[in-house]
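The block underneath contains the structure these notes are about, expressed in structure tokens.
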Ligand code: 13P
């Protein structure tokens, strides 16, 4: 982690939890974080229906809330979808876009993800744009070109470090207990930073998170890398103590 960029630890709860355990977990984390912001920014991304409840549960502290997805359009005939403005209205400040689970299950292309990130920016939300290669792509030696193409296609023109965070989540590391080597993470994060700097006018202030089987026990060595500015955490974010262990690794 470079000191010029404030680290960010985000918990992606995915489709887990009901109101009672969501609120209990959020309050537990808010109490640990306290009113003064810890060394890193902490955000929770609950299921959409819990965004408002969780935002209310943490409102007096330093923990922020994000959505897990938003629609690219501001409003209209999109049954079951949620706009970025609705998330903001419910108390979110961030939204994850382009998670590999949505790219796969909802056939989201880089263009779709870019449009969602733009919608997020339009509503005043910080977009957390996810990228990451499959195991077959890595085995074929294609991890870097795949990720670079996703960054080029998914991050909108005009993105800035204030409006946009990139999360590198190799698909094969998500929920598997397997992580890339430290060298592999460093290589991909370095390439993402270079690509962002080239396209966005030499800007190196973008925060780039690592995601995929991050736990309290492996967070320290991952977060110690210069180009890793935080973590996007799935399974381990469902346990307040484990998630806090990751925050403390900052
Ligand atoms: P796990 O931490 O469960 O591997 O999930 C990572 C992830 O997909 C976060 O968005």
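Before moving on, here are some points about what is shown:
This table checks each residue for (1) part of a loop (DSSP other than H, G, I, E, B); (2) under 14 Å from the mean Cα position of the chain (by Cα); (3) exposed (fewer than 15 other Cβ atoms within 10 Å of the Cβ).
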| residue | (1), (2), (3) |
| --- | --- |
| 158 | yes, no, yes |
| 176 | yes, no, yes |
| 190 | no, no, no |
| 195 | no, no, no |
| 214 | yes, yes, no |
| 221 | no, no, yes |
| 227 | yes, no, no |
| 243 | no, no, no |
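- Qualifying residue in the stretch 153-164 (condition: touching a helix residue (DSSP H, G or I) at 6+ places or on another chain (Cβ under 6 Å) and under 14 Å from residue 227 (Cβ atoms)): no
- Test: residue in the stretch 123-134 that is within 20 Å of residue 55 (Cβ to Cβ), touching a residue at least 12 places away in the same chain (Cβ under 8 Å) and over 17 Å from the mean Cα position of the chain (by Cα): yes
Matching residues to (1) out of contact with any strand residue (DSSP E or B) (no Cβ under 8 Å at 6 or more places or on another chain); (2) exposed (fewer than 14 other Cβ atoms within 10 Å of the Cβ); (3) under 25 Å from residue 150 (Cβ atoms):
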position	(1), (2), (3)
24	yes, yes, no
32	yes, no, no
83	no, no, yes
97	no, no, yes
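Okay, residues lined up against (1) within 15 Å of the ligand (Cβ to nearest atom); (2) farther than 21 Å from residue 9 by Cβ; (3) at pLDDT below 95:
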{"position": "97", "(1), (2), (3)": "yes, no, no"}
{"position": "105", "(1), (2), (3)": "yes, yes, no"}
{"position": "108", "(1), (2), (3)": "yes, yes, no"}
{"position": "113", "(1), (2), (3)": "yes, yes, no"}
{"position": "123", "(1), (2), (3)": "no, yes, no"}
{"position": "134", "(1), (2), (3)": "yes, yes, no"}
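- Verdict on residue 49 being touching a strand residue (DSSP E or B) at 6+ places or on another chain (Cβ under 7 Å) and at pLDDT 95 or above: no
- Test set (1) away from the ligand (no atom under 16 Å from the Cβ); (2) under 16 Å from residue 27 (Cα atoms) - residue 73 fails condition number: (2)
- Screening the candidates 164, 160, 176 for the property of being closer than 30 Å to residue 17 by Cβ and either modelled with pLDDT under 95 or more than 16 Å from the ligand (Cβ to nearest atom) (or both) yields one hit, 164.
- Answer residue from the stretch 199-212, given it is modelled with pLDDT of 95 or more and on the phi < 0 side of the Ramachandran plot and is surrounded by the most Cβ atoms within 10 Å (Cβ to Cβ) among those: 210
- Given (1) closer than 26 Å to residue 229 by Cβ; (2) loosely packed, with under 14 Cβ neighbours inside 10 Å; (3) free of Cβ contacts under 8 Å to residues at least 60 places away in the same chain, number of the condition residue 15 does not satisfy: (1)
- Qualifying residue in the stretch 129-152 (condition: within 19 Å of residue 84 (Cβ to Cβ) and either touching a helix residue (DSSP H, G or I) at 6+ places or on another chain (Cβ under 6 Å) or in a helix (DSSP H, G or I) (or both)): yes
- Selected residue [out of contact with any helix residue (DSSP H, G or I) (no Cβ under 8 Å at 6 or more places or on another chain), at pLDDT 95 or above and within 16 Å of the ligand (Cβ to nearest atom)] from 238, 232: 232
- Every residue from the stretch 26-58 that is assigned to a loop (DSSP other than H, G, I, E, B), under 24 Å from residue 5 (Cα atoms) and out of contact with any helix residue (DSSP H, G or I) (no Cβ under 7 Å at 6 or more places or on another chain): 34, 35, 36, 37, 39
The values are calculated or read from the model by the stated rules, or taken from the named source; none is laboratory data. These numbers come from a predicted model, not from an experiment. For neighbour counting, all protein chains shown are included, and Cβ atoms are generated from backbone atoms with ideal geometry for every residue, glycine included.
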